[in-house]
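First the structure, in the form of structure tokens, and then the observations on it.
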Amino acid sequence: MTELARKFTTRFVGLVVAGYLIGLISVGWAVWLVSQPILADMTRQSLIDLLTVEASSLAAELDRHIDAVEYLAQDDAVKEYTVGFEAFRSTTEDLVDVLFSDPAVHGAAIFSFEGEVLFARGRRTGWLGRTEFESSVNTIVAELLNMDTPNGRPELRLFTGRAVDVTHFAVIQPIRYRGLTEGVLVVEVAFDLAEFLPTGTYIDGPVLAALGGLPPAPDLSENAGAIRQSLPGTALQLIASPDSASTEQTGRNLVMSVLRALIVVLALPFIAIIVVGNRVIVAPQEQLAKSERALMQQRNELSELAAIVHAFHDAILTTDAEQRILWTNPAFERLTGYTEEEALGGRLPDILENPGDNVEANAEMQLAYAACGTVRTEHLYYRADGTPVWVSAIITPVLDDDDQVLHFAVILADITTNKVYEDELKRQQAETRYRSLHDALTGLPNRRYFDDVITPLIDDDAADRCLVRIDLDHFKAVNDSFGHAAGDQVLCVVADHMRTWCDRDDFPARVGGDEFLILMADEKTEEDAEKLCQSLRREISKDIPFEGSICRVGASFGIASSMVSFVQLKDLLVSADAALYKSKDDGRNRITLYTPELHAQVQENRRIAIELEAAIEREEFEPWFQPQFDATSGELVGVEALARWIHPDRGVVEPWRFMPSIEKLALTDDMDSIIYRKGLRAVEQLYSRGIQIPRISFNVSTQQIENPLLGTIAESFTLPDTMISLEILESVVIEEMSDEKLSNLFALRERGFRLELDDFGSGHASIAGLLKLRPDVIKIDKVLVQPVVQSTVAQELISSIVDIGRALGVEVTAEGAESRDHVEILRGCGCRYLQGFYFSRPIPLDQLAHRISTDDFPDVGTVDWGLDDNVDPAQKSA
Amino acid sequence: MRVLFALILAVVVVNSASVWAQDRGALNVYIDADFSTNWESAQSIEQGLRAAFQTMGGQAAGYQLNIVPLDHRTNARRSINNLRQFDADPDGIAVVGGMHSPVYINHLDEILDREVPLLLAWSAAGVLTRQRMGGENWIFRLSVDDFQVGPFLAREMSLHRCQRIGLVVLDNAWGRGNLASVSANLRDLSLPHVYETTIATEIGPARAGHVAAELSTLNVDCLGLVGNSHNSAALMMAVDELGLDLEIFSHWGLLSGGFAELVPHEVRTRLGLRIVQTCGLNDGRHDAATLRQALSSAAQLGWSYESLSDVPAPAGFVHGFDLGLILMAALDQATQTVDWSEDPDLRRYLLREALEALDQPIRGILRHYHRPFGEVSDATLFNHEALSGEDLCFAQLDERGRLVDLAAFSPLNEAALGR
């Protein structure tokens, strides 16, 4: 169905449906108006009937209680009790209890002739004990006692005038004795009126007391349409208002029922009107309008199309199947420089192409012509003036109404600018990639390029290769001496050498500051690599002029090949690195092959590293203690804690065996921390055994100095009179001590730590170091101490150091006191404290404790071994 | 001579009393009785009392004697309230009680604790004057107590050769006490009763009919009745309705008020009703001169009775009068003691002392009283009783409902007596 047909049909159907709805609404409204008064009367009459029935029901229920109360008030026992004869009290109580067997009874009380409560019983929910009710009950009791009314039915009063969940009634009966009122019986009954009365019904009548706090009662006046119905035999009335909402709801239901019936009944006739009317009236109108609109639409489309084609920026032309031009738009001339007259009848490629160009594009175009399909191609054409132009061509067949090809439409768009941008973009991308993969300074491939090359080899487990690792010697000195420009110059020269001496298939790269790699071409051997390295070493060692000066560097080479059985392709870098370090260790400027021996050493170092890390984890390091003595008095002044590795299999391992690895693995700080904590604990244990250690010294690294827990850990031990000394290497103070670390050290000194400058004289022997640290003690290195027995120069040197110490207010300890001569000479030189094998080797805690307990140390003034003084006393005692 | 003496005495007393009255103020004598339902008895007591006071110009020992009648309506609570009211009155000197015993039995302890001089004009319950041995006894009676009625009724029924005796008593302490007494005396006479029951203060026709039916079933020929006006009347009407052939021997409680109106004379006659009474009430048994004086005094006060029978409740009048004379004599004696003062408690105490030891004889209607009361002890249990069993007789009601001597019985009853 066309849009027009839909429109006509919609209007017609809408009109019919509107009439249908108006009819329904009118009928519904009429039913509503007529039904409301009738329904209201019916509702009212129904309510009256209901109230009549319910009033009787409620009255009967109340009657039952009234009769019971009347009977009770006339009982002799109740009367006798009321006039004061206590003998009847229990009988009276029993009678009242019988009343309470009815759950509706909530309270009962007997009042004396004075209105005094003689007897009361009540449920918790009753009026007894509720002040507002009691005063009201008392009032009416007093009234009854003051008038001797003849016998009659009990009075019935409400406790409240309005309906609540449970309504309370007071049944009040005077107790008459000898015909006179001598007391009053009040019984409270309560029941849920909802069981008797319809919703919205209220009860009204003589009220004994009203509950406070009730919601306001609705307007129950007769003017408001309320209906009153007396409760038979009582002064009470039921009041109810007809439920107008219900009436309205009934009216609505009636209207809806009528409407539903009408909807069904009228639906068929109206549907018939729609169907017939649509055919007779709508269809002819629709056909006529459709024709007119089609004509108008075609005319408009043609006009719009012509305007578009003429105004189109791109060239549009039509050709026959042989590509002969049949028609062009004005843009064709702007694009090609040929007029329509010049172009008509000519073949498109003949006019615009050089022979041999656009071979692929023309082939695609031919296929499209042959298959009457659509294709997009790009061609390099030449304008009439000979200038080239890149053109995007879209060829598509034009079909008639019978889907036969009339001709072909071709749209030509100038994409020359796009082509230029595209070429520039490709060039820039290539340059960016080149830069990301090459070192900007030397032009050699960089680490990333190298990784890109070697990673696939490793991943693919390709053929074995040989790798050379090169590190320049003394390159730092060039930088320091001549500046970075000189360094850059050196690097460029080295790179040129590598480009010169490497074959085309070799892959040289700069992977660090002065680090180079050469991945040798496939199938090249270690020997080929060694020859290349020798050539490069030779070339690199030549003088390099720079701004009138000569720079000299060397190179160390490490060669590894996966052609040997013990090197995997993935381990080439590590192996070459190990070989390079071997060259460095062996004095630089060397070429080292990664041999089985070197491989074994690497494996050993790796094993030691694993063991050391485990040893740190398991805290296998223990402090051994070497005592220090006063050179004059011979008293023990302290101990130095020295690390020993207690290996589970190899036993005690000396420091020289593990320290290099510890330092290389950067585990010094961890080890020092263990020794520090264990050493303090040892002193604490000695203290608990009655052995006082005046001072304990620890070797500390720069990292430990920065450890804020150093002081806190010490405070966690009980060390009442033990001073803690921190020994810092002189070289560390000179080379690595920053202002921040110095500040930390001084803070530790303020917390009570003592600072000692260790190994003084073994390195710089710098006064600057002394002034910088201002230590409490200088420890003279044993290198200076040991020669004093033979060398007077050494003695003078020691004396000078002692003098410097005195000048600065610093005490001096001499290490390496190995014989009695040492002791005497050093004492003579003025050293305050002595430490060395003469007194004791480093010993474990138990031995230390034993020797201190037994005073088992040589005396400084009386020791006479009577043997060769150069023999190690420890060996002697052993 | 006697008249002259009386006149001289009256002038002297009146004169001196008028002088003293001005000096000594007033004393209040309370009457606690049922002025509502048994108004006849209460009113008669009041009239007798007032008549007694009137003989002395309404004064005694220089005090104006005021009478304060209070209605207890047979309600023990009202009665004790009345006594409390008296106790609070500084001029209150004594209380004269009505015909109902239970109201006092119920609050006996409080009456004694409050030290209320209670003079019983008609209450019959024996326990009232024989309570709380060892303590002070404040209750005096001028009326034959029930303790005497039991033996009297048993003896009389025996003399009348009753064979099948039934006993119906009021369901209270008084009634049950009499039941026990009559039963015991009948057993002593080897004449056990065949039926006994209690009835409530107010019974209806149904209960009365039920009792009558039982009497009929058991062929009772003599009925001992201890009740009040209403329930006795109800029972007699029921018995008569069934046509039972029996005679009724009744306590005087039946005369509490209105009985004659409730039970027609024919019924009374048919059932041979005889009522225990103090003999002094019967014609020829009382002091005629004193009675005349009493009736004269009553006339002065506005109550004109030709004879004692005209008084609605003669027993009440006679007892009230005699009690009034005794009270005035006791006051005279008490006020002459050196301790007499304005303290109401002391006055009441001295009055009680005087009542127990009256020096002067008193000439009353019923008898001449020589020391009518004395101190009560184990040996003198009845010393607060002005009368004794010897003072009991049977009386009957004539057509007008007046008490008359048994000798005036109808021929029917004469025949019964001769049986």
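All other residues whose Cβ lies under 14 angstrom from that of A:SER549 are scored, Lys and Arg at +1 and Asp and Glu at -1, for a net of -2.
So what is the relative contact order of chain A, in percent, for Cα pairs below 8 Å that sit 6 or more residues apart? For chain A, the relative contact order is 6 percent. Of the chymotrypsin sites (Phe, Trp or Tyr not before Pro) found in segment A:288-349, the ones in coil according to DSSP and having at most 15 other Cβ atoms within 10 Å of their Cβ are A:PHE312. The calculated FRET efficiency for the pair A:VAL27 and A:ASP67, based on their C-beta separation and a Förster distance of 56 Å, comes to about 0.45. Peptide A:75-86 is shielded by partner chain Cβ atoms: per residue, an average of 5 of them sit within 10 Å of its Cβ. Using all C-alpha to C-alpha distances in segment B:33-187, build P(r) with 10 Å bins and read off the rounded percent in each one. Computed distribution, short to long bins: 10, 35, 32, 16, 6, 1. Highest mean packing comes first when the peptides A:174-183, A:839-848, B:165-174 are listed by Cβ atoms within 10 Å, giving B:165-174, A:174-183, A:839-848.
Note on segment A:34-126: Cα Rg divided by 2.2 N^0.38 Å, N the number of residues, gives 1.71. Shape class for segment A:789-856: prolate, because the ratio a/c of the largest to smallest gyration tensor axis (alpha-carbon atoms, square roots of eigenvalues) is 1.5 or more and a/b beats b/c.
Between A:THR416 and A:GLU547, what FRET efficiency follows from the Cβ-Cβ distance if R0 is 35 Å, with the result rounded to 0.05? The value I calculate is 0.10. Here the alpha carbons of segment A:326-404 define both size measures, Rg and Dmax, at 13.4, 42 Å. Counting, for every residue in B:30-37, the Cβ atoms of other protein chains within 10 Å of its Cβ and taking the mean gives 1. Kirkwood hydrodynamic radius computed over segment B:205-322 comes to 15.7 Å, based on all pairs of distinct alpha carbons. Model label points for A:ARG751 and A:LYS664, set 7 angstrom from Cα along the Cα-to-Cβ axis, are 3.4 nm apart. Within 10 Å of the Cβ of each residue in B:165-177, the mean number of Cβ atoms contributed by other protein chains is 1.
Dividing the summed -39500 (n - 2.57) terms of all DSSP H runs of n ≥ 4 by the residue count of chain B sets its mean residue ellipticity at 222 nm at -14000 deg cm²/dmol. Estimated purely from DSSP H runs of n ≥ 4, each contributing -39500 (n - 2.57), the mean residue ellipticity at 222 nm for chain A is -15500 deg cm²/dmol once divided by its residues.
Size descriptors for the protein assembly as shown: radius of gyration and Dmax over Cα atoms are 72.9, 198 Å.
Which of rounded, prolate, oblate describes segment A:634-789, given a ≥ b ≥ c as roots of the alpha-carbon gyration tensor eigenvalues and a/c under 1.5 marking rounded, otherwise prolate only if a/b is larger than b/c? Taking the square roots of the gyration eigenvalues as a ≥ b ≥ c, segment A:634-789 is rounded. 3J(HN,Hα) couplings calculated from phi for segment A:341-350 with the Karplus curve 6.51 cos²θ - 1.76 cosθ + 1.60 (θ = phi - 60°) are, in sequence order, 4, 5, 8, 4, x, x, 7, 4, x, 5 Hz; Gly and Pro show x.
Kirkwood radius, segment A:583-691, all distinct C-alpha pairs, inverse of mean reciprocal distance: 16.6 Å. Label positions at A:ASP102 and A:GLN790, each projected 7 Å from the Cα along the C-beta direction, are separated by 13.6 nm. Along the axis of the charge dipole computed for chain A (Cβ charges of +1 for Lys and Arg, -1 for Asp and Glu, origin at the Cα centre), the listed residues A:GLN601, A:ILE852, A:GLY346 are led at the positive end by A:GLY346. Electrostatic tally near A:ALA384: other residues with Cβ closer than 10 Å to its Cβ, Lys and Arg +1, Asp and Glu -1, net -2. Please label the shape of segment A:229-318 as rounded, prolate or oblate, based on the square roots a ≥ b ≥ c of the eigenvalues of the alpha-carbon gyration tensor (a/c under 1.5 means rounded; beyond that, a/b larger than b/c means prolate, else oblate). Judged from the Cα gyration tensor, segment A:229-318 comes out oblate (a/c at least 1.5, b/c at or above a/b).
Estimated at 0.36 nm per residue, the fully extended path between A:LEU771 and A:ARG383 surpasses their Cα-Cα distance by 130.8 nm.
Put simply, when B:157-164, B:360-367, A:432-439 are sorted by average Cβ atoms within 10 angstrom per residue, most first, you get B:360-367, B:157-164, A:432-439. For the cross-link pairs A:LYS584/A:LYS741; A:LYS542/A:LYS584; A:LYS476/A:LYS542; A:LYS426/A:LYS570; A:LYS664/A:LYS741, the ones whose C-alpha atoms lie over 24 Å apart are A:LYS584/A:LYS741; A:LYS426/A:LYS570.
Rounded to the nearest 20, the Cβ-based charge dipole of chain A about its Cα centre (Lys and Arg +1, Asp and Glu -1) stands at 1460 debye. Computed log10 I(q)/I(0) for chain B at 0.06, 0.07, 0.09, 0.14 Å⁻¹: -0.24, -0.32, -0.53, -1.22, from the Debye equation with unit scatterers placed on every C-alpha and solvent omitted.
When peptides A:166-173, A:466-473 are sorted by average Cβ neighbour count within 10 Å, with the highest value leading, the order is A:466-473, A:166-173. Local charge for A:PHE450 was computed over the other residues whose Cβ lies under 13 Å away, with Lys and Arg +1 and Asp and Glu -1, and equals 0. Listed by chain and number, the aspartates and glutamates whose alpha-carbon sits under 20 Å from that of A:LYS290, ignoring those within fewer than 8 places in the same chain, are A:GLU3, A:GLU301, A:ASP401.
Taken together, the values in this text are just the output of simple stated rules run on the coordinates, not laboratory data. Small disclaimer: the values here were computed from a predicted structure and weren't measured. A quick note on method: Cβ atoms are made from the backbone with ideal geometry, for glycine too, and the neighbour counts reach across all protein chains shown.
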